[in-house]
Amino acid sequence: MTGPGLVLLHTSPVHVPVFDALRDRRHPGAVLRHLVAPELLERARAEGPGAVAPALLALLAAAGPAPVLVTCSTIGATAESLAPQLGAPVLRVDRPMAAAAVRTGARIAVLAALESTLAPTAGLLADEAGERRVSVRTHLVAGAWERFEAGDTAGYLARVAAAADAVTGADVIVLAQASMAGAAGLTTNPVPVLSSPAPGLAAGLALRTAAP
């Protein structure tokens, strides 16, 4: 891939190796440029996602004109709204997953480790559903975020997988945060479990291919 590549905006450094590994396996040669800004999530949790718009705009503008993939579900919608000001496409990583979810079934269960992620994800699913009639139930995975912040990735994913296994009455389960992706392979629930990194990266790279 030539040109400036795809800019990935993360609010945790743990995402960098995940997306680099995905690139190496599925999109060899793609150019990824990572920005890590944990303070954006901290402020969004405290003041609401809209509060980070000015800082987010400044950060992405400084990165130069290139398509952007935002891997934080909490600030994804805010980031997408800045695309006209940036003059470049901006995609939240969970949008392709949400589109797949509403195609899979009408009863959607959403799991998140952060409460601030629940409303943005439900809103995204409604947006992707359009005229389809869907029912969205959200579940906060108790104690999971504390494990994540402590660096206990195995414990974090185990809690998410256990929560997914406890879901009933759903056609599809959505793992709302990119950091949850590893839990999909740990679940025993026969209901499809969707995560965002792989489809999100593919869609982000497609934006780069289509960009002038």
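Each value in this text was obtained by applying a stated rule to the coordinates, not by laboratory testing. Source: prediction; values computed, not measured. FYI the Cβ positions are ideal-geometry reconstructions off the backbone, even for glycines, and counts take in every protein chain you see.
Here are the numbers for this structure:
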| item | result |
| --- | --- |
| Given charges at Cβ of Lys, Arg, Asp, Glu: the range 42-193 dipole, positive-most of LEU69, THR188, SER81 | THR188 |
| Potential lengthening between ASP20 and SER81 on full extension [0.36 nm per residue; Cα-Cα distance subtracted] | 19.4 nm |
| Cα centre as origin, Lys/Arg/Asp/Glu Cβ charges: the range 77-129 dipole, Debye | 160 |
| Relative contact order computed over the chain (Cα-Cα under 8 Å; 6+ residues apart), in percent | 21 |
| Residue-wise HN-Hα coupling along the range 28-35, computed from phi with Karplus coefficients 6.51, -1.76, 1.60 (Hz; x: Gly, Pro) | x, x, 5, 9, 10, 10, 9, 10 |
| Extension gain (nm, one decimal) between GLU39 and ARG103, 0.36 nm per residue minus Cα-Cα | 19.6 nm |
| The range 36-143: C-alpha gyration tensor shape, a/c 1.5 cut-off, then a/b vs b/c | oblate |
| Restricting the range 50-144 to trypsin sites (Lys or Arg not before Pro) in coil, as DSSP defines it, with at most 15 other Cβ within 10 Å | ARG132, ARG133 |
| Dipole of the chain, positive direction: furthest Cα of SER179, LEU205, GLY48, with charges on the beta-carbon | LEU205 |
| Net charge dipole size for the chain [Lys, Arg +1 and Asp, Glu -1 on Cβ; Debye, nearest 20] | 460 |
| THR168-ALA58 FRET efficiency (beta carbon distance; Förster radius 45 Å; 0.05 resolution) | 0.50 |
| Separation between Cα centres of the range 116-182 and the range 10-83, rounded to whole Å | 19 |
